[in-house]
1. Among DSSP beta bridges whose residues both lie in chain B, state the antiparallel percentage, nearest 5.
2. Scale the Cα Rg of segment B:1-132 by the rule-of-thumb value 2.2 N^0.38 Å and send over the ratio, two decimals.
3. Amide H to amide H, which residues 5 or more places from residue B:353 or on other chains are under 5 Å from it, using H placed in the peptide plane?
4. Near the amide H of residue A:177, under 5 Å away, which other amide H atoms are found, from residues 5 or more places off or on another chain, if H is placed in the peptide plane?
5. How large is ³J(HN,Hα) for each residue in segment B:389-398, as worked out from phi by the Karplus curve 6.51 cos²θ - 1.76 cosθ + 1.60 (θ = phi - 60°), to whole Hz, x for Gly and Pro?
6. What is the local net charge at residue A:218, summed over the other residues whose Cβ is closer than 14 Å to its Cβ (Lys, Arg +1; Asp, Glu -1)?
7. For residue B:13 and residue B:46, FRET efficiency with R0 = 45 Å and r from the beta-carbon atoms, rounded to 0.05?
8. Restricting the count to DSSP beta bridges whose residues both fall in the protein assembly as shown, what percent are antiparallel, rounded to a multiple of 5?
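Read-outs: derived from the displayed coordinates by stated rules, not from any lab. Every value quoted in this text rests on a predicted model; they were computed, and no experiment measured them. So basically every Cβ, Gly included, is an ideal-geometry build from the backbone, and we count neighbours across all protein chains shown.
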There are 2 protein chains.
Amino acid sequence: MISVDEARERILAALAPTGPETVGLAQAWNRVLARPVTARLTQPPADVSAMDGYAVRAADAVEGAVLRLAGAAPAGQPFTGAVGPGEAVRIFTGGFVPQGADAILLQEDATASEAGIRVNETVTLGRHIRRRGLDFAEGAELLPAGRRLTARDIGLAAAGNHPWLAVHRRPRIGILATGDEIALPGERIPEGGIVSSNAHALAALVASAGGEASVLPIARDDAAEIAALAGSGGYDLLVTTGGASVGEHDLIQKALGQDGFVLDFWKIAMRPGKPLIWGRLGAVPVLGLPGNPVSALVCAVVFLLPALARLQGLADTATPMLRARAGVALPENDKRADHLRAELKRDADGNWIATPAGRQDSSMLAVLARADGLVLRAPFAPGLAAGEMVEVIPLAALGV
Amino acid sequence: MISVDEARERILAALAPTGPETVGLAQAWNRVLARPVTARLTQPPADVSAMDGYAVRAADAVEGAVLRLAGAAPAGQPFTGAVGPGEAVRIFTGGFVPQGADAILLQEDATASEAGIRVNETVTLGRHIRRRGLDFAEGAELLPAGRRLTARDIGLAAAGNHPWLAVHRRPRIGILATGDEIALPGERIPEGGIVSSNAHALAALVASAGGEASVLPIARDDAAEIAALAGSGGYDLLVTTGGASVGEHDLIQKALGQDGFVLDFWKIAMRPGKPLIWGRLGAVPVLGLPGNPVSALVCAVVFLLPALARLQGLADTATPMLRARAGVALPENDKRADHLRAELKRDADGNWIATPAGRQDSSMLAVLARADGLVLRAPFAPGLAAGEMVEVIPLAALGV
């Protein structure tokens, strides 16, 4: 058995980011930049007013002075003249500060009348003026490669005048569920069989992380059928579920073994989980997850999410964590890294409290679905009292 | 000026969830359930083995006994006979426990030979058997209405034998940017103008929260054009940007006022932000955001995200928050609720530290994009020392 960390490192080391593609700005949300975005213009393009008011010469705009209104400079319609001594130009937020002006008189500090603009409060030189380039200068890097684009990033790329962006192609993930005993939801369930739940759950997990999943038809427990479906490819990664353990009815290894499969079969020191296949079928990396739905999903969180991050070219492949206080005492852990299905609540002070479900049986999908997160327990972690800190993978917040 | 909370309550009170639609399980991730999902079968459907081993009668399986191998019960292929006295049936994880058996002998606790199955460790009655219905019973509610579906939920709905789910229709959000001075990215920028960044950033924010955005063509500062575009409709909510403040060039109110617009014009005690329109154009609710990109996005986080949650029928419309220690001392706040753009880092103990950017000018979109979150400062919040706790909206984690 190898450790979770070592297994993850070996998986990540074997994967490379997908190539770039051009997408329209409107399609770029949540995609990962393949190239940095640099500003194609300077913002603001000139000194602009930060407020509604009057562009003035600070030397003139002392309390009690009455200035002559020489024009207006709303946003988008620059005043083409200059502000001369004793003059004021009406200006609005974002309007270019006209030549000659060096301060803004706020409209609430002025009284406009037939006589002119009366200054009710002396202005300060440079006040309420946003300098050219305050936000960014032409050529500056706005967004680095390897960044997953947020809504704000889309706004910033737009402001930098980019209608198109270069992002990593979405990784294509083939998902192959195997087993004579499973049937798709709504189809006839074989005698003694169960409904296939892994493939579509894994497809949703792939979507949550920005990948593109293809759910393949269920493969019977037949080496030739498994091999044919597994090789139907073009995937950046093939994920199988079922058939990964060492029992007599575990065919994945046998099936793939006939077809140029380079197998690195692992048992991983984790719970739930343990049997996991990692290898390569020709050029396609293969991740073989357990058939047990809870084990399959937890292993996918631990190994497939980072793999998807790497395939998309994300700078940081680590899955976000949060810290919480344990809601109950936890016993010493054995040699397998544990992933306890837990409820997350906030206490009166607003701190997270993570309380593992009383029963952690790895067949209980409903318990997993109702959990808010997975409490991590390292191998041989000592027992801890209620209130001590634990690390939690916030599943619900990740959409997983 | 009204408070942020009151404004949000008035917005939420005016919105109702969209109606239900049927989607395939494969399209249901991240959608919000319109009807509860109940189990259409019992899982497991019978008592099943939790391990690979042998189904036995506990009374017979004492250390040193040798049992007769009577058959096999792999998952999906139930053994149709019964386990008689002195007999064992090979069984695998998930296999139905045959009649007569009442315990599982682990394969690592047994030695198989020509002579039979030797018991190396006495079994316990009922051990390693998962009882029928352990995960869920037919008719049990698996997932409640109002829940946003995670990958695990998709798995659970599949396991409950649902190929289709009833979810709330994605809210359709029209986004109308206004202003003579703005141009789409890559198009000719008018003299003194800037690139339109709000509409596509808001569309991305709508996508991040599960809505469907239509970006309308930019409306010039012309009441008739604004009214025509605003009424081009069929939206669950129309969002405008620009023209919300009180300056002479703010036309949204005027434009919509001609067309049966019921206006509830607000100034909201918040920063950045303040000018915000909330009303109704015929049957369509209208949220008028400021034109300033930072203000528009912060107001969208504060008001549009909860509105999208309500429109989708989410049980909880609150935006997720996290608690962090302030990285620097913060001064007393004035009467406006503040939303400080801040970096989030974890300290050596793993606690979040939120450090507001030194300059909070509301024109600085790059500062907003680089921020990891918004530190909330309530009106009149007293000054606090570095290390004291603050509430933070984790923008990046929300995809915003």
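1. Values: 56 of 83 bridges.
Restricted to chain B, the bridges split so that about 65 percent are antiparallel.
2. On the way: Rg = 25.8 Å, N = 132, 2.2 N^0.38 = 14.1 Å.
Its radius of gyration relative to the 2.2 N^0.38 Å reference: 1.83.
3. Sorted by chain and number, the residues that satisfy this are B:325, B:345, B:346, B:347.
4. Answer set, sorted by chain and number: A:216, A:219, A:241.
5. 7, 9, 8, 10, 8, x, 3, 4, 5, 8
6. Once all neighbours under 14 Å are counted, the net charge is -4.
7. 0.35
8. 65
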